[in-house]
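Trainee: Below: one structure in C-alpha cells.
The values are calculated or read from the model by the stated rules, or taken from the named source; none is laboratory data. None of the values given here were measured: they were computed from a predicted structure. Note that each Cβ is placed from the backbone with ideal geometry, even for glycine, and that neighbours are counted across all protein chains shown.
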Amino acid sequence: MTRVRRALSGFLVIMAAVLLIGLLPSTAVAQATIAFTIKDPRIVSPAGLAGDTNAELYWTANRTGDQSLIYGLTNSGTVTGTFNYRARPVDVAGLAMVGDTLYVGDIGDRNGSRNFVTVYLFDNPRASGLTVTYRAYDFRFPDGPRNAETLLVSEAGRILLVTKDNDQGTIYAGPRSSSPLGMNRLTRVGTAPANVTDGVFLPGSEQFVLRTNTAVYLMDAANYRTLATVELPSQPPGNAVAVGLDGESLLLGSTGRNAKVYSIPIPTEPVTATATPSPEPEEEEDETALSGRGTLLAIGLAAVVAIVAGVVVGVIRDR
C-alpha cells in the first residue's frame, strides 16, 4: 500500500507541474533561411537595411569608412549601384524607407560624446552613382548623449530613435513635424528590450519590430508594449532588420564582410504574456493585472491538484 501511495502522490505532483507549465507564457523560435549574402568587398560593416519597393532593391551603408555612400542591393545581394551625398556623418547606424523617401540615421554615439544626432532624407533615391541632394534634421536627447542604433519612421513620417543599452533600452520620439531649420527635441515615450540593434515599422500597421542578436520583438506603436517575442536561431551578430520586398518576411542582416541576410516570417500573433513597461502608470497596472491573473490561475489549479492528492493519500492511509 505504501508503494501505491507514493506512486499516486508522484503522479499527481507531476500533473500539477504540467498544468502550471502549460499556463505559463511561452516564446516561439523563428524558422530562418538565408535570403542572400552581401559579397561586395566595399561593404565591410553594414549599418542597417531598408527595403524600397519602388526601386525593387534594398539600401544599406557602411557604419565605418565611406559612410556618405549608400549602396543599392538586389534580391540576390548584388550591388546594383550607389549614390553619394555631401555630408560627413559620424556614425551611421540605421536606415528606413517610407513611401518614396529614404531616411539615413547618423545616430550612433558609442563614446557618449555627441551633443546632437542627424537624420538625412533622400527623396526618390536611385542607385545612379551620382551625388544627390538631401534634407537634414538634427535631434537632441533630453537627458544627454545616448547611443542609438535604431531608426524608426512611421508612415506619417514621425522619427523615433531607440537606444542600445545593456539593461533596458529607451524609445525617444521626435516632434510630429520636425524642422530642418533648428534643433528638434526628442521626447522619451517608452522602454525597449536591452541591446536593440535595429527596428522597422510594419507597412500599413501601427506596429513595429525591434531586433537584438537573440530575439525579435513585435511592438505596439500606440503604447510601446511588447506584443510578441520570437527567439532567433543561432546566427552571427547583426545591426539590420527590414521588411522584405515581398511584404511577408523580415530580413535580418549580420555584420562584417560577406554578411549573410536571414529571412524569417513577420511575427503576427502574441506568443508571450509579458509586456515592455509603459511610461503611463495606469496602463502598467492594467498589464500587471492581466499577467497576474494568468499566474494566479496556474497557481490555483496547482493548489487544487495538490489538495486532491492529499485527500486521496489520506483515504489510502485510513484504509
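Trainee: For Asp167, only one of the following conditions fails: (1) modelled with pLDDT of 95 or more; (2) over 16 Å from Gly199 (Cβ atoms); (3) not polar (S, T, N, Q). What is its number?
Mentor: Here Asp167 meets the rest and fails (1).
Trainee: Hey, among the residues in segment 126-182 that are more than 24 Å from the chain's Cα centre (by Cα) and basic (Lys, Arg), which one's farthest from Val90 (Cα to Cα)?
Mentor: Taking the candidates together, the pick is Arg126.
Trainee: Identify, from the list Gly199, Gly204, Gly238, Gly169, the residue that is small (Gly, Ala, Ser) and surrounded by fewer than 19 Cβ atoms within 10 Å (Cβ to Cβ).
Mentor: Residue meeting the stated conditions: Gly204.
Trainee: Using the structure shown, decide if Val196 is outside any loop (DSSP other than H, G, I, E, B), β-branched (Val, Ile, Thr) and under 11 Å from the mean Cα position of the chain (by Cα).
Mentor: On the way: outside any loop (DSSP other than H, G, I, E, B): no; β-branched (Val, Ile, Thr): yes; under 11 Å from the mean Cα position of the chain (by Cα): yes.
Judged against the criteria, Val196 is not a match.
Trainee: Give me a count of the residues in segment 22-39 that are modelled with pLDDT of 95 or more and over 30 Å from Glu155 (Cβ atoms).
Mentor: The total comes to 1.
Trainee: Given the criteria at pLDDT 95 or above, of a type outside the set (A, V, I, L, M), farther than 19 Å from Gly238 by Cα and surrounded by fewer than 16 Cβ atoms within 10 Å (Cβ to Cβ), does Thr118 qualify?
Mentor: It is false that Thr118 is at pLDDT 95 or above, of a type outside the set (A, V, I, L, M), farther than 19 Å from Gly238 by Cα and surrounded by fewer than 16 Cβ atoms within 10 Å (Cβ to Cβ).
Trainee: Output the number of residues of segment 58-78 satisfying the condition of being surrounded by 16 or more Cβ atoms within 10 Å (Cβ to Cβ) and in a loop (DSSP other than H, G, I, E, B).
Mentor: Residues flagged as surrounded by 16 or more Cβ atoms within 10 Å (Cβ to Cβ) and in a loop (DSSP other than H, G, I, E, B) within segment 58-78 amount to 4.
Trainee: Name, by its number, the condition in (1) aliphatic (A, V, I, L, M); (2) surrounded by 14 or more Cβ atoms within 10 Å (Cβ to Cβ); (3) modelled with pLDDT of 75 or more that does not hold for Leu19.
Mentor: So Leu19 meets the others, but not (3).
Trainee: Determine the pairs where a residue that is assigned by TED's automatic domain parsing to the domain that holds Pro265 and touching a residue at least 40 places away in the same chain (Cβ under 8 Å), located within segment 28-50, has a partner that is loosely packed, with under 13 Cβ neighbours inside 10 Å and hydroxyl-bearing (Ser, Thr, Tyr) with Cβ atoms under 7 Å apart, the partner being 6 or more residues away or on another chain.
Mentor: These pairs meet every condition: Phe36/Ser76; Ser45/Thr64.
Trainee: Within segment 170-211, track down each residue that is at pLDDT below 95, charged (D, E, K, R) and either touching a helix residue (DSSP H, G or I) at 6+ places or on another chain (Cβ under 7 Å) or under 30 Å from Pro236 (Cα atoms) (or both).
Mentor: The one that is at pLDDT below 95, charged (D, E, K, R) and either touching a helix residue (DSSP H, G or I) at 6+ places or on another chain (Cβ under 7 Å) or under 30 Å from Pro236 (Cα atoms) (or both): Glu206.
Trainee: Another one. Any residue at all in segment 226-237 that is within 17 Å of Val153 (Cβ to Cβ) and either free of Cβ contacts under 8 Å to residues at least 12 places away in the same chain or not β-branched (Val, Ile, Thr) (or both)?
Mentor: No, the conditions are met nowhere in segment 226-237.
Trainee: Mind listing just one residue for me: the one in segment 207-235 that is among the small types (Gly, Ala, Ser) and not in a strand (DSSP E or B) and, of those, surrounded by the most Cβ atoms within 10 Å (Cβ to Cβ)?
Mentor: Here the residue is Ala221.
Trainee: Out of the residues in segment 79-106 that are acidic (Asp, Glu) and either farther than 26 Å from Val196 by Cα or assigned to a loop (DSSP other than H, G, I, E, B) (or both), which is farthest from the chain's Cα centre (by Cα)? Break it down stepwise before answering.
Mentor: Here is the first cut: in segment 79-106, the residues acidic (Asp, Glu) are 91, 100, 106.
Keeping just the survivors that are either farther than 26 Å from Val196 by Cα or assigned to a loop (DSSP other than H, G, I, E, B) (or both) gives 91, 100.
Details: Asp91: 20, Asp100: 23 Å.
Among residues in segment 79-106 that are acidic (Asp, Glu) and either farther than 26 Å from Val196 by Cα or assigned to a loop (DSSP other than H, G, I, E, B) (or both), the one farthest from the chain's Cα centre (by Cα) is Asp100.
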